[in-house]
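Q: This is the structure, below, for whatever I ask next.
No lab work stands behind these numbers, since they all come straight from the coordinates. All of these numbers come straight from a predicted model, not from anything done at the bench. No Cβ is skipped: glycine too gets one built from the backbone with ideal geometry, and neighbour counts run over all protein chains shown.
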Amino acid sequence: MNLDDIVVLGENDTRSGFGDAMTVLADTHPEVIALCADLTDSLKLGDFKKKVPQRFVQAGIAEANMIGLSAGLAIAGKIPYATSFANFVTGRVYDQIRQSIAYSNKNVKICASHAGLTLGEDGATHQILEDIGLMQMLPNMTVINTCDYNQTYQATLAIADFDGPVYLRFGRPKVPIFIPKDSKFEIGKAIKLSEGSDITIVATGHLVWEAIVAAKKLKEEGISVEVINIHTIKPLDEPAILESVSKTKKIVVAEEHQRLGGLASTIALLLAEEMPTPMSIVAVQDSFGESGTPAELMKKYGLDADSVYAACKEMLD
């Protein structure tokens, strides 16, 4: 694929991709049960609730109880989608996820909206930046972080047919849609968005679009950039990364997460063991967030296209 082939198809928030896919699952997967921690509108579950109210569980502001209910439903052969803000459905109930879901490898889908800095004005207490690390350290847990509306829609459908615990992470703000609607979502399979030979950019979630913008700017300067969309952080598509850096010999990893514990840490471990490679990380530098618009926060914390571009230029220089 060429960078010029990547075009904006529209704009929407990734959580709407989740909600619209859940409405489809209401018809196609009768075993899917949606659970919500008093955030039905925020998780875009209103249509699912109207369509199949008997398969919607309002757990209230009691996330630990919601995870326990989900474990029981999984034992009964259902496919529970336990939903809340990322901060509340991971950090607040980590013990329950570890003991009741991951340890026994139960088929529960933990679906988290409002992740990262782009939650925006609600501030640091709601902007979890550690959740990918928390979830990917759990044995048996699959971790997915989608980049736009279409990919979130595709992932929500795909995990219904996947047997095992999944953490699906998405966001609040409207962002460009650039993944084709008919793309096949393969868990654990990276998407190469452009071929390149000078430098590799690996990005996940909202940072994929920022990486594309940065790569197009670099291309105008005659720099050949390989851009890889990592939607599945665990299991990581190791061959795709190793193949790319074997050509480019340099890599920039971009994510809306703490520098420690996320995608960058995982790739650094892979490269240290298999193919030591110069690497730069675009991520939050060991700090909490603050209140502000998503765009303001992405710029201040160095997570925008300019930051990805600058990291690449430094590597190339």
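Q: Treat each spin label as a single point 7 Å out from the Cα along the C-beta direction, and report the ILE61 to MET275 distance in nm.
A: Label-label distance for ILE61 and MET275, simple model: 4.9 nm.
Q: In deg cm²/dmol and to the nearest 500, what is the mean residue ellipticity at 222 nm of the chain if only DSSP H runs of at least 4 residues count, each as -39500 (n - 2.57), divided by the residue total?
A: Only helices count here, giving -10000 deg cm²/dmol.
Q: While we're looking at this one, here's another question. Expressed as an acute angle from 0 to 90° and rounded to the nearest 10, what is the orientation of the C-alpha long axis of helix 238-248 relative to the principal long axis of the chain?
A: So the inclination is approximately 20 degrees.
Q: Going out from 0 in 10 Å bins, what whole percent of all Cα-Cα distances in the range 185-316 drops into each bin?
A: Pair shares across the bins are 13, 48, 32, 6, 0.
Q: Further question on the same structure: Under a plain spin-label model, where a point goes 7 Å from the Cα along Cα-to-Cβ, how far apart in nm are ASP317 and GLN285?
A: 1.6 nm
Q: Which links in LYS44/LYS217; LYS174/LYS234; LYS184/LYS216; LYS44/LYS106; LYS49/LYS300; LYS189/LYS313 stretch past 30 Å when you go from one Cα to the other?
A: Values: LYS44/LYS217 35 Å; LYS174/LYS234 25 Å; LYS184/LYS216 25 Å; LYS44/LYS106 25 Å; LYS49/LYS300 39 Å; LYS189/LYS313 28 Å.
As for pairs spanning more than 30 Å Cα to Cα, those are LYS44/LYS217; LYS49/LYS300.
Q: Let me ask something else. Enter the angle in degrees (range 0 to 90, nearest 10) between the Cα long axis of helix 149-158 and the first principal axis of the Cα atoms of the chain, meaning the one along which they spread out most.
A: 50 degrees
Q: Give me the one-decimal nm value for the distance between modelled label points at GLU11 and ASP122, 7 Å along each residue's Cα-to-Cβ direction.
A: Each label point lies 7 Å from its Cα, and together they span 2.2 nm.
Q: Something else: Which angle from 0 to 90°, rounded to the nearest 10, does the C-alpha axis of helix 63-75 make with the longest principal axis of the chain?
A: Between helix and principal axis, roughly 80 degrees.
Q: Antiparallel DSSP bridges in the range 185-316: what percent, to the nearest 5?
A: Around 20 percent antiparallel, to the nearest 5.
Q: Based on the alpha carbons, how large is the Rg to Rh ratio for the chain when Rh follows Kirkwood?
A: Looking at the chain, the ratio lands at 0.96.
Q: What number does the range 48-189 give for Rg over Rh if you use C-alpha atoms and the Kirkwood radius?
A: That ratio is 0.95, to two decimals.
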